[in-house]
Structures are given as C-alpha cells and as structure tokens.
1. Taking the Cβ of Lys110 as the centre, find all other residues whose Cβ is under 14 Å away and add up their charges (Lys, Arg: +1; Asp, Glu: -1).
2. I need the calculated FRET efficiency for the pair Glu59 and Lys162, taking r as the beta carbon distance and R₀ as 45 Å, to the nearest 0.05.
3. Which GluC sites (Glu not before Pro) in the stretch 38-104 pass both tests, a DSSP loop state and at most 16 other beta-carbon atoms within 10 Å?
4. Return the FRET efficiency for the residue pair Ala44, Asp69: r is the Cβ-Cβ distance, R0 is 45 Å, and the value is rounded to the nearest 0.05.
5. Out of residues 5 or more away from Ser153 or on other chains, whose amide H comes under 5 Å of its own, with H placed 1.01 Å from N in the peptide plane?
6. Can you list residues from other chains, or at least 5 along the same chain, whose modelled amide H is less than 5 Å from the amide H of Ile67?
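Every read-out reported here was derived from the displayed coordinates using simple, explicitly stated rules and does not represent laboratory data. Not measured: the values here are computed from a predicted model. Because the Cβ atoms are built from the backbone with ideal geometry, glycine has one as well, and the counts that use them run over all protein chains shown.
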Amino acid sequence: MNALCQTLRKLLLALGFLLALPTLQVCAQQSELQKSFDKFPLLASKVDDRGNAQFMDLEMDKNTVTIDDVRYGGFRFKAEGAADENFVWVFKMPKNVSSWFIVPSEGSMKGFQIFYNLHEKGIFQPLDAASLTPGKTYLIWFRIKDDQPAKVSLAFRFAKLKPDPKVKFTLEEIQNGLTPDPQSTPDPK
C-alpha cells in the first residue's frame with residue numbers, strides 16, 4: 001500500500017470512519033495492481049505512416065490478476081510523449097468488462113476525468129499531459145466480471161491537444177489526436 005493510502009487509512013481508522021472502507025479498498029486494489037505490474041503486457045503505440053493510431057487486440061486471459069475474487073486484465077505503456085503531449089485512446093469494451101482505470105507503476109495520480117462512449121465505434125478518452133511523467137510506466141486495468149475470455153481492441157498515441165478550458169477535451173479533439181491525417185480514421189476490428 002503506498003504511503004498516501006497508509007496515512008489515509010491510519011487517519012480514518014483513528015477517527016472511527018467506517019464509511020471510509022471503500023476508499024481503503026481502492027487503495028488496497030491499487031497497491032496490489034502495482035505489485036503485479038510486470039504481469040501485464042507492455043504495449044507500444046502503433047501508428048501508420050501518416051501518424052494515425054492503429055487498433056490492436058489485447059487478449060487478457062493469460063495476464064490476469066485476481067484481487068479479492070475479482071479478475072483484472074490490462075496493459076502497461078510507457079509515457080513516450082513529450083511533457084506537453086496528452087495520452088489519447090479509444091477502445092471497444094467487451095461485455096464482460098465492468099470498469100477500467102489507470103495507475104502509475106508507483107505512487108498515485110489524478111487519472112482519467114472524462115470519456116465519450118460512441119458504442120459501436122468505441123470509448124474515446126484523453127489523459128491530460130500534466131497527469132503523466134515522461135518515461136514513467138502506467139497500467140490501464142480492466143475489471144473482468146466473470147471467468148470468460150476477455151479481449152479488448154484498442155488504439156492509443158500521444159498528441160498535443162488544445163483543450164477548450166470550459167470542456168477540457170472535446171470528442172473532436174480526441175479523434176484528431178488519434179488520427180492527425182483527416183483522410184483516415186482508426187477502424188476497430
């Protein structure tokens with residue numbers, strides 16, 4: 001358990017806050033995922049010759065971790081972009097996946113704030129450059145609801161986005177970040 005979670009746990013328990021149990025469970029989950037970091041495959045962004053993100057399939061069955069009877073799959077990536085480049089990705093969520101999030105290899109982070117679900121086209125999501133440290137490795141995990149095979153089709157890359165301060169990131173900005181060449185778009189399998 002990271003230092004922040006340990007301190008939070010001690011403080012909340014000392015004050016008698018039983019309602020803090022979900023927070024403590026999230027801290028424990030993050031800690032266990034960080035201990036299992038190397039069990040998840042390290043993926044690099046795939047782009048075509050025009051710089052457009054290309055979809056890849058992630059078979060999660062061989063690389064899962066079970067925490068408190070819940071199965072987690074996922075992938076690691078290294079923040080390869082410059083300090084001002086945002087992480088942008090799109091993925092097709094399988095029916096047996098209930099949630100996803102991101103954790104750093106150590107410590108804690110702000111994480112994802114928004115997403116756009118276009119159903120058949122996928123879930124589009126950005127991560128602000130300020131949330132990433134260039135060269136550091138991160139894990140995007142998926143909570144798998146059952147013991148059935150789980151496959152995620154995904155594409156990601158790093159891109160300089162100019163977010164609208166009122167909205168933060170629009171869907172159009174995320175899509176442009178994934179496909180800087182407007183003549184083509186990533187096509188989910």
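1. Values: positive: Lys136, Lys168; negative: Asp128.
Value of the local net charge: +1.
2. On the way: r = 36 Å, r/R0 = 0.79.
In this case the efficiency is close to 0.80.
3. On the way: sites: Glu59, Glu80, Glu85; in loops: Glu80, Glu85.
When the GluC sites (Glu not before Pro) of the stretch 38-104 are filtered for loop state and at most 16 Cβ neighbours within 10 Å, Glu80 remain.
4. 0.90
5. Counting only residues 5 or more places away or on other chains, the set is Leu58, Lys92.
6. Close amide H contacts, sequence-distant or interchain: Tyr72.
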